[in-house]
Every structure is written in C-alpha cells, then in structure tokens.
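Engineer: Sharing a structure below in structure tokens format, with a few things to ask.
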Amino acid sequence: MRRGFPARGISLLLVLGGFLGVLTTPAPSAERESPLLTRCRELGARFTEMRDNGAKRLTAAELAAASDQLLGELRGLVAEASSDAGVKAEGQKLLSYAYEFAGREAESRSTYSAYLDTLEGARGRDYAVMTVRRAGDRMLRGKDPARAIVYYDLLAEKYPTHVSKAEALYSSGLAAIELGAYGEAAERFDAAVTAAPQGYWAPWALRKKAHALFLSRLGEGDVSGVLQVLEELGKRYPTPQWCAYVQYRKGYVLASAGRYAEALAEYTKGLSDYPSSPYSNMGRRHVKLIREQMEKELLLVKKQQERKEAEEAAQTKEPAGVKTSAGAAAPPGPVSMLFGRDEDPSGGEGGQ
C-alpha cells in the first residue's frame, strides 16, 4: 500500500503549484484603447505631417484645403468627446495648434482657453495654470517670444487672482525684451510689480525694467530714467542683496554713458558698503578699467592741445606754449563697450 504524502508536504506542493500556476497563466489582455482616443492620435499624426511637410509636397491651395478638412474633423472630435475629458482636452489642444497653423489666431486662443477650462474641471485650477505657464516658458526657451507672450497674457487675463500672475507678467517682459520692444517690456515689468508688490518677482521686475530702459537708450547718453528705476529698486527692497546690486549697477550705467567720475563714486561706495557682495570683484575690475580709460582720454586731450599750440606757435612765430588754447578737442564719446554689452557679469535671471 502506498503511503501518502505527509500533510505538511501536501501543503507545500499546493503552495508551489499555485505559484507556478501564477507564472504560467497568461496575463489578461490589455484594455483596448477607446475609438475616440485612437482617432485623436491619428488626427494628431496628420497634423504633424501637414505642419512639417505639407509645404514641401502640396500647393498652397491643397495645403489650405487639407488644413480646413483637418479643422473640421477636429471640431467634430471635440464635440463627440464631450463626456470624455481626457480626449476632449487633447482634441482642444490639437485644434488650437491647428488654428494657429492656419493663421487664425483669435480662434486658436479661444480654443486654448476652452482647453484650459476642460483641464480645470478635470484636474483643478492649479493644474490648468501650470499648463499654460509651462507653454509660455517652452516658447520663450524655444526662441518664439511672440508666442510666449500669447500664453502669458492668457494666464494673466484668465486667472487674475492666481499667484502665478506676477511670474507670467515678469516672463512676458523678458519675452518683450527678446523682441526688442523695450518700452512694452518696461510696462510689463511694472504690471508684475503691481500684481504682487511684496512677492518674489517684484524686485526682479524692477531690475529688468531698468535693463530694458538701458537697452532702449544705448548710444543716446540719457540714462536718467534708468537711474530712477534703480533708486526705486533700492528704496522699495532695501535688502543687502538688492542695495549692493543697485550700487554697482548705477556705476555700470554711468560708466557706459561716459560719466566716469560719477561711476567711480558709485563703485567706490559699493565696495565700501558691501565689500562681500557677489558684485565686488566685478566692481574692482570695472574701477580699474574706468581709470585706465580716463587716463587714455586725458592723454589724448593733452596731445591734441599740445599739437594745436604747436601749430599756433608756428603760425605766429611764437614759442610753443605761449598762447593758451581756445579750447581742447572733446574727448571721445561714451565707451558703451567698456565692459561689454551684458547686463551684468555677475547677475542672472530671476529664480536662477
């Protein structure tokens, strides 16, 4: 008679058999993708192909017709996906991009706004704000500042009480600088300060406003507006960090305008009041460059005066130096390239 397995052995076999069964049992098939999502992906692929290669293989009329057809299909998709927030949002985003490609900016913006509404309903207001802010940031980093401003403005208008508004306005000012619209940049930086005067971005906005005004006045010599903004920055945010920056920056601005004696006074005060500032090394280097430049210009003026006196003496048969020059030639104009055209060798952007 065969003896059976001990109870303990049977239990072990059952456990092992169950484990092996788990390993050998086929996994359940993955849930099939919804037809609407599949269609959205197909339309997205068509849009990418049309955007990237349409102009190479289609005539202008054919491209316009293909664009209109795609827009119609995307509108239909968004309407059908009213109960599926995920597909609806993807469809709206894609539709916004397709409108932009077709040059229909108002509809692109309106559709993107509706896309944000869908995101807000599904995932919350903060998520929608983050999405549009990151869209602006991508455009700014991607060297499309005009498009970046569209997204930043949409955020500021659509979410006027959100904490991200000040950052969006500040970033839109940076985008305006990239476009060379310095006056508009200054206005946007002012708006950033007004949106959150005690927030992180406010002093950065005043700093960049001064920079925008400086860029707009290169070669003109009038830096009074720049100096006023720097004074405001130091008074409104009198921390050692910002006061040191204001002191050294005023020296830079004055030197770039050829006002070397005033620049030296500002740099000297900065080095005295804030010797451990991150701008100290820069300040000492600039002081050295300014003094060298002043010496060069004084030497040039002296040589011009001596040459003029020698010419007058030769004409009147009088020894050189008897006649006093009626006036020395003016020294060269402002050396705006004395330090290079960077805003500040030691500074960076807000948040970096």
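Engineer: Is there a residue being within 23 Å of the chain's Cα centre (by Cα) and surrounded by fewer than 22 Cβ atoms within 10 Å (Cβ to Cβ) anywhere in segment 242-250?
Structural biologist: Yes, that holds for at least one residue.
Engineer: State which residue is nearest to the chain's Cα centre (by Cα) when the search covers only segment 281-302 and only residues that are crowded, with 17+ Cβ neighbours inside 10 Å and under 26 Å from Gly234 (Cα atoms).
Structural biologist: Result: Met282.
Yes/no matrix, rows are residues, columns are (1) of a type in the set (D, E, K, R); (2) surrounded by 16 or more Cβ atoms within 10 Å (Cβ to Cβ); (3) part of a loop (DSSP other than H, G, I, E, B):
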position: Ala55; (1), (2), (3): no, no, no
position: Ala89; (1), (2), (3): no, yes, no
position: Tyr97; (1), (2), (3): no, yes, no
position: Arg109; (1), (2), (3): yes, yes, no
position: Asp117; (1), (2), (3): yes, no, no
position: Asp126; (1), (2), (3): yes, no, no
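Engineer: Moving on. Here are the criteria: (1) surrounded by 16 or more Cβ atoms within 10 Å (Cβ to Cβ); (2) at pLDDT 90 or above; (3) assigned to a helix (DSSP H, G or I). Tell me which single one Ser277 does not satisfy.
Structural biologist: Unmet for Ser277, out of (1) surrounded by 16 or more Cβ atoms within 10 Å (Cβ to Cβ); (2) at pLDDT 90 or above; (3) assigned to a helix (DSSP H, G or I): (3).
Engineer: Taking segment 134-153 only, how many residues are part of a helix (DSSP H, G or I) and out of contact with any helix residue (DSSP H, G or I) (no Cβ under 6 Å at 6 or more places or on another chain)?
Structural biologist: 7
Engineer: On to the next question. Test Glu167 against the criterion of being surrounded by fewer than 18 Cβ atoms within 10 Å (Cβ to Cβ) and either out of contact with any Pro (no Cβ under 6 Å at 6 or more places or on another chain) or more than 16 Å from Tyr112 (Cα to Cα) (or both), and give yes or no.
Structural biologist: No.
Engineer: For Tyr237, indicate whether it is touching a Pro at 6+ places or on another chain (Cβ under 8 Å), surrounded by fewer than 20 Cβ atoms within 10 Å (Cβ to Cβ) and not basic (Lys, Arg).
Structural biologist: yes
Engineer: Would you confirm, using the coordinates I've provided, whether Val163 is among the hydrophobic types (A, V, I, L, M, F, W, C) and assigned to a loop (DSSP other than H, G, I, E, B)?
Structural biologist: For Val163, the condition - among the hydrophobic types (A, V, I, L, M, F, W, C) and assigned to a loop (DSSP other than H, G, I, E, B) - is met.
Engineer: If we scan segment 183-190, do we find a residue that is among the charged types (D, E, K, R) and crowded, with 24+ Cβ neighbours inside 10 Å?
Structural biologist: There is at least one residue in segment 183-190 that is among the charged types (D, E, K, R) and crowded, with 24+ Cβ neighbours inside 10 Å.
Engineer: How many residues does segment 223-239 hold that are over 26 Å from Ser164 (Cβ atoms) and touching a residue at least 12 places away in the same chain (Cβ under 8 Å)?
Structural biologist: Result for segment 223-239: 7.
Engineer: Taking Leu215 and the conditions (1) modelled with pLDDT of 95 or more; (2) within 18 Å of the chain's Cα centre (by Cα); (3) not small (Gly, Ala, Ser), which numbered condition does it fall short on, given that it satisfies the others?
Structural biologist: Every listed condition holds for Leu215 apart from (1).
Engineer: Cβ-Cβ distance below 7 Å, separation of 6 or more or different chains: which pairs start in segment 59-88 with a residue that is over 15 Å from Tyr115 (Cα atoms) and end on one that is outside any helix (DSSP H, G or I) and of a type in the set (A, V, I, L, M, F, W, C)?
Structural biologist: Taking only residues 6 or more apart or on different chains, the pairs are Ala66/Leu58; Ser67/Ala102; Leu71/Ala102.
Engineer: When you look at Gly333, is it modelled with pLDDT under 90, surrounded by fewer than 11 Cβ atoms within 10 Å (Cβ to Cβ) and out of contact with any helix residue (DSSP H, G or I) (no Cβ under 6 Å at 6 or more places or on another chain), yes or no?
Structural biologist: Spelling it out, Gly333 is indeed modelled with pLDDT under 90, surrounded by fewer than 11 Cβ atoms within 10 Å (Cβ to Cβ) and out of contact with any helix residue (DSSP H, G or I) (no Cβ under 6 Å at 6 or more places or on another chain).
Engineer: Continuing with the same structure: Considering every residue within segment 143-153, establish whether at least one is touching a Lys or Arg at 6+ places or on another chain (Cβ under 9 Å), hydroxyl-bearing (Ser, Thr, Tyr), crowded, with 21+ Cβ neighbours inside 10 Å and within 30 Å of Phe214 (Cβ to Cβ).
Structural biologist: yes
The values are calculated or read from the model by the stated rules, or taken from the named source; none is laboratory data. For clarity, every value in this text was computed on a predicted model and none was experimentally measured. Backbone-built Cβ (ideal geometry, glycine too); neighbour counts: all protein chains shown.
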